[in-house]
Ligand SMILES: [Zn+2]
């Protein structure tokens, strides 16, 4: 599996979430270099989110370049409160 570089925006979305982006997908929403924090290289956005949460309390994957970690891609019935076993 290919590693991607992940970044988190220093500035929150309107809903208060800090958005995580992956490089290499030419995402139009990738923040400028001065407006982002480098998280590291990861195989999946899930790993990137675990790093991102160390920086900010509320993080979510970009709809375009980290869709697997975008809140809307989560299955609603899969409640995190009951399956949170990290
Ligand atoms: Zn993105």
Among residues belonging to segment 27-53 that are part of a loop (DSSP other than H, G, I, E, B) and without any contact (Cβ under 8 Å) to a residue 24 or more places away in the chain, point out the one that is nearest to the ligand (Cβ to nearest atom). 32
Could you list, ordered by first residue, the pairs with Cβ atoms under 6 Å in which the first is in segment 54-80 and on the phi < 0 side of the Ramachandran plot and surrounded by fewer than 14 Cβ atoms within 10 Å (Cβ to Cβ) and the second is assigned to a loop (DSSP other than H, G, I, E, B) and modelled with pLDDT of 95 or more, at least 6 apart or interchain? 58/16; 58/17
Just one listed residue, out of 60, 81, is modelled with pLDDT of 95 or more and outside any loop (DSSP other than H, G, I, E, B), and it is 60
Restricted to segment 1-26, and to residues that are within 18 Å of residue 43 (Cα to Cα) and outside any strand (DSSP E or B), which residue is nearest to the ligand (Cβ to nearest atom)? 25
Within segment 63-78, restricting to residues that are more than 13 Å from the ligand (Cβ to nearest atom) and not in a helix (DSSP H, G or I), the one that is modelled with the lowest pLDDT is 78
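The values are calculated or read from the model by the stated rules, or taken from the named source; none is laboratory data. These figures come from a predicted structure and were not determined experimentally. Heads up, the Cβs are rebuilt from the backbone with ideal geometry, glycines too, and the neighbour counts pull from every protein chain shown.
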